[in-house]
Amino acid sequence: MVDANFWLFLAAALVIALVPGPGIFYVAARTLSEGRASGFASTAGTALGGMVHVVAGSLGISAIILASAELFAAVKFAGALYLVWLGIRTFRGAGRTLSLENEPVRDKRAFRDGALVEALNPKTAAFFLAFIPQFLDPSAASPTLQFILLGAISVTLNTLADVVVVLMASLTRAQLIGRPRLMQRLTQGSGVFIAGLGLSLALVRRPVQS
């Protein structure tokens with residue numbers, strides 16, 4: 001499978017990973033509001049959520065969800081409501097963020113949130129189903145295995161981009177940590193932004209099935 005088609009896939013996946021998307025903005029907001037450890041945990045969670053879509057796509061589960069208006073709406077609104085709830089929780093917890101600065105970051109919760117946010121995003125499922133099949137080799141064995149391999153590569157590239165964003169956001173946060181009032185406003189803004197991602201997800205339309 002390491003042929004011209006594979007290198008074309010790798011170049012396309014790299015470009016897509018470098019283009020800022022909802023996942024990048026989400027981990028940036030979590031890092032700014034809760035710190036680097038939370039950002040890394042969120043990144044690991046979104047990676048797991050991405051792999052859920054890869055496996056589901058390879059098994060045909062994602063296609064079933066996208067083909068059903070009811071299932072698509074259920075997944076979409078579950079993800080949207082979860083993001084809005086996370087945003088509200090972050091906004092309301094802005095005043096407590098500073099008092100918890102020296103306590104361990106709740107990275108398990110951040111990991112869980114990241115995994116659920118990504119797994120409940122039907123846009124990710126639609127992306128993998130539209131993108132990966134273009135690079136499958138019909139003459140090679142096991143299209144399912146090919147799909148999973150290419151999907152894992154795409155998720156890895158996206159995760160590396162998220163890691164860079166977390167590092168940059170944590171540096172910004174470190175520069176502002178000595179300014180409590182500004183940090184509170186920044187955390188509140190992160191909460192509003194996360195909730196906004198949820199509202200934008202709620203407006204997503206189901207892809208037209210050919």
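What a 1.4 Å probe finds exposed on the chain is 70% carbon and sulfur by accessible area, rounded to a whole percent.
By a 1.4 Å probe calculation restricted to protein chains, E118 has an accessible surface near 30 Å², given to the nearest 10. Taking springs between alpha-carbon atoms closer than 10 angstrom, which of S190, S142, S62 fluctuates most in the Gaussian network model of the chain? It is S142.
Of the listed residues L176, L145, the order by accessible area with a 1.4 Å probe, largest first, is L145, L176.
If you wrap the stretch 52-210 in the convex hull of its Cα atoms and look at it from every side, the mean projected area works out to 10.7 nm². Over all pairs of different C-alpha atoms, the stretch 133-186 has a mean inverse distance whose reciprocal, the Kirkwood radius, equals 14.3 Å. Put the Cα centre of the stretch 41-95 next to the Cα centre of the stretch 122-161 and the gap is 18 Å. Sparse packing (at most 14 other Cβ atoms within 10 Å of the Cβ) combined with a DSSP loop state is found for the following trypsin sites (Lys or Arg not before Pro) in the stretch 150-205: R205.
Based on protein heavy atoms only, the stretch 161-210 ends up with 61 Å² per residue of surface accessible to a 1.4 Å probe.
Spacing of the modelled spin labels on A63 and L8, each 7 Å from Cα toward Cβ, amounts to 2.1 nm. When Rg and Dmax are taken over the Cα atoms of the stretch 21-80, they come to 14.1, 39 Å. Within the shell of other residues whose beta carbon sits under 14 angstrom from the beta carbon of R206, the net charge comes to +2, with Lys and Arg scored +1 and Asp and Glu -1.
Over the stretch 1-148, accessible surface divided per residue gives 50 Å², non-protein components excluded, 1.4 Å probe.
The values are calculated or read from the model by the stated rules, or taken from the named source; none is laboratory data. These figures come from a predicted structure and were not determined experimentally. Please note: Cβ atoms are built from the backbone with ideal geometry, for glycine as well, and neighbour counts cover all protein chains shown. Surface areas here come from the heavy atoms of the whole protein model, side chains and all, with no ligands, DNA or RNA. Shrake-Rupley method; radii C 1.70, N 1.55, O 1.52, S 1.80 Å.
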